[in-house]
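Peer 1: Have a look at the structure that comes next, please.
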Amino acid sequence: MSSTTARSLMYCILALGMAGMFLTLHAAKADATLPDDMAGHMTMTKLRPAQPGDQERADAIAVAARKFAERYVDYKKALAEGYTIFAPEVPQHVYHFTLDAAAIANEFKFDPNRPTSLLYEKTANKDADGKPGYKLVGVMYTAPYRSSEEALDERVPLSVAQWHLHTNLCLPPRGEQVDVTAADAKFGLRGAITTAEACRAAGGRFMPHLFGWMVHVYPFETDKAKVWAAGMDDDHGMQHDAMPGMKMDPNMQMGPM
């Protein structure tokens, strides 16, 4: 399997797993801790005490994000320039339009003028060709999964923003049909399995992490508290309160990512 195909499959798994996770988050909004069925599948940095210059640095990043994003108010321009939509067939509150070249570059150096993804919400209005339209709401920055909190803080101050990392994915055995959004799911990003040992015992294939660290910024928000919203404070991405059950492909072949 090519790396491009493997990446596409991982995107679909991430979308399906996140749907179940966000449903759980919605029910646990009042709880500051992660609920039991996703505690082993997502790591979020904790907010640090503010340091001199943190807010100014975060504000400058948001300004750069807005300036960059404004070039792509028309989502068709993003597609024309090589951005691809992460799992467009899966209902989501926010859709990631990702540029692979930016993702690769951001593995090595952070540049606020080069976000990895553009974030859009799907609109009710359709284009002339009958396809859904998209409204630009923000951008996403990424960092290598091996990054320390200090390295993440150097990119975006941890007193303002919370980075997140999707972890401990157990893929189901080949030939087994699995609904990864079920309340009693064993596999996927909402599943009960969170360790390599348990995954092997169940006949699955374990991935300690998916992609790298991610952080969303919504520079068009007028409420400053929502510019760097994360978790259940993220109105765009973390309140997926409805999602049809979907199956994970059991015969997926894993290739290099």
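Peer 1: In the structure shown, do any of K76/K135; K76/K224; K77/K122; K122/K186 have a Cα-Cα gap over 23 Å, and if so which?
Peer 2: Check vs 23 Å cut-off fails for K76/K224; K122/K186.
Peer 1: Determine the sum of side-chain charges near D74: Lys and Arg each +1, Asp and Glu each -1, restricted to other residues whose C-beta is under 14 angstrom from that of D74.
Peer 2: Values: positive: R71, K76, K77, K131, K135; negative: E70, E81, D127.
Around D74, the surrounding residues sum to +2.
Peer 1: Can you report the principal axis dimensions of the stretch 166-226 using only the alpha carbons, biggest first, rounded to whole angstrom?
Peer 2: Sorted largest first, the three principal extents are 49, 22, 17 Å.
The numbers here are math on the coordinates, done by the rules we state, and not lab data. These numbers come from a predicted model, not from an experiment. Don't worry about glycine lacking a Cβ; one is built from the backbone with ideal geometry, like all the others, and counts go over all protein chains shown.
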